[in-house]
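Report on the structure given below.
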Amino acid sequence: MIIGQGIDAQVISDVTRLAERRPEFIDVVLTPAEREVFDVRKGKHQMEFLAGRFSIKEAYSKAIGTGIGSEAHWHDMEVLPNEAGQPVMVKHPKQDEAVAHISISHTGDTVHSSVILESLASLHQPVSERRPSWLEISAEALAHNVAYVRELTETNRFFAVVKANAYGHGLPQIVTAAKRAGVDGFAVATIDEGVWLRQFGVKLPILILGVTPATYVADLAKYDLIPVVASETWLDDALRQLKPEATLTVSVAVDTGMGRIGIRNRAELERVVAKLNATDDVVFQGIGMHFATADGNDTVYFEKQLAKWHELTDKLDLPADIWRHLANSGTSLWHEQPSTDAVRVGAAMYGFDASQGALPNRELQPVLSLKAELVHVKQVPAGTSISYGATYTTTEPEWIGTVPVGYADGYPRALQGMDVLLPDGRRAELVGRIAMDQFMIRLPEEMPVGTVVTLIGQVGDEEITLVDLANKMDTIPYEIATGLSPRLPRHLVK
Ligand SMILES: *Cc1c(COP(=O)(O)O)cnc(C)c1O
């Protein structure tokens, strides 16, 4: 993914004049290694080299959206000839995040240059593109769900939860759609997920919901990520390792009955709050908790957790502008809001029913569809067995279609016997075992190779949801969604 681009042009004779009048200018622009190259060049070539370095560094500062001297200084960037004599940016301020593709050319007395910054995240993650099975991610459905939850909760901040490759939906696609939908921030589970978001160019606040080992505090500060303070010990460790010039923004996790992470007693919480208030290098931005039963129909435990929250946090000496964030999807959809500062919403944003039908239906739209083209179609006589283990044998002549999706794509073996939707909304049953990369369906009649079948999604009035798959497997839709493998291409559609 391209995260920045810049162009620049300089007049070579102007640069030459500047260098003659102020020879120290040469060493302002050139690093010692560049100066060595400059020194062996002669006459016109020497000045072309200097003007080229001057210009490409200007172009770079435009690519990152600042002028020279704020985020990029002359010596932070180094452009040297490679073995073929082509200029390569061997050092630059964003090298942890991006590759700088550069080009310098001369026409007459002018040198032109351009810089394109390509995110390393997209280079490191293998992207599946050439496959007749894919996920469609609906930007409109996501925008609808975000607006719907906003209206229902009257929240001031909507944090889009995008942990685990955006619940399997695909991080780049969901981040693009969520930014368009105007979310106020993102929440992830791990520090690397947060770093990837920064590498995608996300400038919004990013909460890390899981505990980040305090050893990574330098990166937390560098990437401006908001870790949870889940204990006083963690805070002490983190503050000890925080460099004097760095600033860390944090959110405190309070355990009111989830029993996972967070501070469970008032005395420890008061000490943590006092330390945070007393430390200039820390921005005390948030305090939150997590409900264990918000998507179930018994509200007793929910109320108990809420009471515990008040017991632990009421009258604490908190900053006036702190964000209190308590609500996940279940809390947002089915409860009176405990706070309007911020919600952390995953399932509802993706449009699946976290309660699996236990609580009243909400007007959410599923964001994800899983589709595939038939890659093989054949008619077989009665008595033909299909797939591993020969668990299915035809009893009459049948049309069998092969679907290029398997358990390695996150369509589990236990879904044997499930249905898929044909283009006209009719259902076709999976027959035989699901293999690693393929399974077979029984077709009502001959159909051409290339026919699109829907494994998850809607066709006309018929629909197969993540919840249907989860119910069949006796699990939750979250597990099905997060299991969808990176081998499936993700297409962001309208
Ligand atoms: C995953 C998670 C969420 C999002 O939950 P949904 O049910 O998908 O909305 C919110 N808060 C915390 C702490 C989480 O771990």
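Structure data summary
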| item | result |
| --- | --- |
| Extension gain (nm, one decimal) between residue 280 and residue 224, 0.36 nm per residue minus Cα-Cα | 18.6 nm |
| Accessible surface, 1.4 Å probe, highest first, among residues 251, 385 | 385, 251 |
| Global form of region 114-255, assessed from the alpha-carbon gyration tensor, a/c cut-off 1.5 | oblate |
| Net charge dipole size for the chain [Lys, Arg +1 and Asp, Glu -1 on Cβ; Debye, nearest 20] | 580 debye |
| Local electrostatic count at residue 78 - Lys and Arg +1, Asp and Glu -1, tallied over other residues with Cβ under 10 Å | +1 |
| Solvent-accessible ranking of 301, 411, largest area first, probe 1.4 Å | 301, 411 |
| Shape of region 368-464, Cα gyration tensor, a/c cut at 1.5 | oblate |
| Ordering of 438-447, 108-117 by packing [mean C-beta count within 10 Å, highest first] | 108-117, 438-447 |
| The chain: angle of helix 232-241 to the longest principal axis, Cα-based, in degrees nearest 10 | 30 degrees |
| Potential extension, residue 130-residue 445 segment - 0.36 nm per residue separation minus Cα distance | 110.6 nm |
| Around residue 429: net Lys/Arg minus Asp/Glu count, Cβ-Cβ under 13 Å | +2 |
| 14 Å beta-carbon shell around residue 56, net charge (K/R +1, D/E -1) | -2 |
| Ranked by how many other beta carbons lie within 10 Å on average, peptides 153-162, 32-41 from highest | 153-162, 32-41 |
| Between helix 12-21 and the chain: long-axis angle, C-alpha atoms, 0 to 90°, nearest 10 | 50 degrees |
| Region 435-480 versus region 340-389: alpha-carbon centroid distance in Å | 7 Å |
| Residue 458/residue 380 FRET efficiency (R0 25 Å; Cβ-Cβ; nearest 0.05) | 0.25 |
| Angle between the chain longest axis and helix 43-63 axis [Cα atoms, degrees, rounded to 10] | 40 degrees |
| Prolate/oblate/rounded label for the chain (Cα gyration tensor, a/c 1.5) | oblate |
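The values are calculated or read from the model by the stated rules, or taken from the named source; none is laboratory data. Keep in mind that this is a model prediction, so the values were computed, not measured. Virtual Cβ from ideal backbone geometry, glycine too; neighbours counted across all protein chains shown. Surface areas here come from the heavy atoms of the whole protein model, side chains and all, with no ligands, DNA or RNA. Shrake-Rupley method; radii C 1.70, N 1.55, O 1.52, S 1.80 Å.
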